[in-house]
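Right, one structure below, let's go through it.
The values are calculated or read from the model by the stated rules, or taken from the named source; none is laboratory data. Everything numeric here is computed off the predicted structure, so don't read it as measured data. All Cβ positions, even for glycine, are placed from backbone atoms using ideal geometry, and neighbour counts span all protein chains on display. Areas reflect the complete protein model, heavy atoms only, side chains present, ligands, DNA and RNA absent. Shrake-Rupley method; radii C 1.70, N 1.55, O 1.52, S 1.80 Å.
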Amino acid sequence: MSHVDSPTIRRLSRKIHVGSVAIGGDAPIAVQSMTNTDTCDVAATVAQIRTLIKAGADLVRVSVPSMEAAEAFGRIRQQVDIPLITDIHFDYRIALRVAELGADCLRINPGNIGREDRVRAVVDCARDKGISLRIGVNAGSLEKDLQQKYGEPTPAAMVESALRHIDILDRLDFSEFKVSLKASDVWMTVLAYRQLAGQIEQPLHLGITEAGGLRAGAVKSAVGLGMLLAEGIGDTLRVSLAADPIEEIKVGWDILKSLRLRHRGINLIACPSCSRQEFDVIKTVNALEGRIEDIDTAMDVAVIGCVVNGPGEAREAAIGLTGGQPSLLYINGKPARKLSEHDLVDGVEQAIREHIVQSKNPVTP
Ligand code: SF4
C-alpha cells in the first residue's frame, strides 16, 4: 500500500569521517559489521570483507589483538577499498602501528590505554593521519570502580564510563570520534543512548551487543535499534549476531529500510499465505529471494497470494504478482501479463531486472 515517509527528526550530530565514509550530521546511517576470521589469515579475512562489501557494508571492523595481527592488517588494507576500523584493546603500540598501516578508525578507549603520554601519542597520531576514533563502552566490561559504585551495570554507569573517555579526548582537544554504549539488554542499551545523546555532539554508533543467534538477535536488535533510530538517535549501526557477518549486514539494512531511513535492494512485500492462495506463496518468495540477492537498486516488489489484497499491493509496487486464475504480473502498478504457475519466479525476476535497466536508461519522448 502507499508509503508514509519517515517522520523521524534526526539528532543533530557532528559529522566525522571514517576514511571516505561520513558519519553523523546529514550523512546516511552507515551499516557495518565485523570480520570473524583470524585476522592473521589474510586471505580469509580479505575474502570475508569482500562478501560483506557485496552485501552492502559501508564499513568493516577488524579485530587486531596482537602485533602480528597488526602486520596482517596492513596486508589486508592493501587488498580492499572499503574503510576499515581496527578494534584494539589496551595496547597503544598496536594502535600506532595500524594507524601507520592505513586504518581509517581506531576503536580504542582512551581510559584503558594507561599513561597519559601513551594516550597523547595515539591521539596525536590519529590527528596527524586524519583518523577518527570510536569509544566503545560495553556493559560487560565497565571499570571496576563503576561496578562498585553502581553495584551492577546500569545505563547511568555506562554513560559515566563513556564521559570519562570523552573527557580525556576533550582535554586533548580531539573531537573526531563516535561513541557506542552497548549492552545485551535492550532497555539498558536504549536508556544509555538516550541519556548520552543530549550530552555530546559526536555521532553515535548503535548496537545491542551479544544479541544472540540469527532470529532472536535480529529481533532484539530491530527492537532496540528501531526505538533509537525512530527517535532520531544513531549515525551508524552494527547488528551483533552469533551468525555469519553477512546476516548482520542484511539485518542492519532491513532495520533501516523498514523505517525508511535508507533504501537498498528489493523491499519484498509478501502475504503470509492462507487457504485462499492461488499459488505457493512461501515457495515462490523463498525462490525469488535467492534470485534477487545481488540487486542493490531500491524497489518495492509485491507477491500476494490472491485477489483479496493482491491488486491493492501490486498497484503500489514497481513489480507485483497477485494470485488468481491465472496469476497476474503487474508492472508499474498496472496489470501487464498473465503467468502460469511454473513461470512465476522467472517472470517476476525478469520483470524486476528489466525494470532496473529501464529506470537506468529511461526512454525520452
Ligand atoms: S492475500 Fe490472500 S492468500 Fe494472502 S494471506 Fe491474504 S487472503 Fe490469504
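The set of residues from the range 94-110 being open to solvent by 10 Å² or more (accessible area, probe 1.4 Å) and either in contact with a His (Cβ under 7 Å, 6 or more places away or on another chain) or of a type in the set (D, E, K, R) (or both) comprises Arg97, Glu100, Asp104, Arg107, Asn109.
Identify, please: which residue in the range 198-224 is more than 20 Å from Phe177 (Cα to Cα) and hydrophobic (A, V, I, L, M, F, W, C) and is, among those, surrounded by the most Cβ atoms within 10 Å (Cβ to Cβ)? Here the answer is Ala211. Looking only at residues in the range 227-258 that are in a loop (DSSP other than H, G, I, E, B) and open to solvent by less than 50 Å² (accessible area, probe 1.4 Å), the one that is farthest from Ile135 (Cα to Cα) is Ala243. Pairs meeting the criteria (first residue in the range 268-279 and within 6 Å of the ligand (Cβ to nearest atom) and open to solvent by less than 70 Å² (accessible area, probe 1.4 Å), second residue assigned to a loop (DSSP other than H, G, I, E, B) and polar (S, T, N, Q), beta carbons under 9 Å, at least 6 apart or on different chains) are Cys271/Gln277; Cys271/Asn309.
Of the strands (runs of 3 or more DSSP E) lying entirely inside the range 287-352, those containing at least 1 residues that are open to solvent by less than 40 Å² (accessible area, probe 1.4 Å), within 25 Å of Asp254 (Cα to Cα) and within 16 Å of the ligand (Cβ to nearest atom) are 299-304, 319-322, 327-331.
Here is a yes/no grid of residues against (1) free of Cβ contacts under 8 Å to residues at least 40 places away in the same chain; (2) of a type in the set (S, T, N, Q):
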{"residue": "Ser132", "(1), (2)": "no, yes"}
{"residue": "Glu143", "(1), (2)": "yes, no"}
{"residue": "Thr154", "(1), (2)": "yes, yes"}
{"residue": "Asp173", "(1), (2)": "yes, no"}
{"residue": "Ala183", "(1), (2)": "no, no"}
{"residue": "Ile200", "(1), (2)": "yes, no"}
{"residue": "His205", "(1), (2)": "no, no"}
{"residue": "Thr209", "(1), (2)": "no, yes"}
{"residue": "Ala218", "(1), (2)": "yes, no"}
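Just one of (1) within 16 Å of the ligand (Cβ to nearest atom); (2) in a helix (DSSP H, G or I); (3) among the polar types (S, T, N, Q); (4) over 28 Å from Gln32 (Cα atoms) fails for Gln358. It is (1).
So which strands (runs of 3 or more DSSP E) are wholly in the range 1-65 and hold at least 1 residues that are closer than 23 Å to Phe174 by Cα and of a type outside the set (A, V, I, L, M, F, W, C)? Correct list: 16-18, 59-63. Remark: Thr45 matches the filter, which requires a residue to be open to solvent by less than 40 Å² (accessible area, probe 1.4 Å), hydroxyl-bearing (Ser, Thr, Tyr) and in contact (Cβ under 8 Å) with a residue 12 or more places away in the chain.
Does the range 335-357 include one or more residues that are touching a Lys or Arg at 6+ places or on another chain (Cβ under 8 Å) and free of Cβ contacts under 8 Å to residues at least 60 places away in the same chain? Yes; the residues of the range 335-357 include at least one that is touching a Lys or Arg at 6+ places or on another chain (Cβ under 8 Å) and free of Cβ contacts under 8 Å to residues at least 60 places away in the same chain. Only one of the numbered conditions (1) in contact with a helix residue (DSSP H, G or I) (Cβ under 9 Å, 6 or more places away or on another chain); (2) more than 16 Å from the ligand (Cβ to nearest atom); (3) not β-branched (Val, Ile, Thr) is not met by Arg260, and that is (1).
The condition of being under 21 Å from Val179 (Cα atoms), of a type outside the set (A, V, I, L, M, F, W, C) and touching a strand residue (DSSP E or B) at 6+ places or on another chain (Cβ under 9 Å) holds for only one of Thr284, Thr236, Thr297, that being Thr236.
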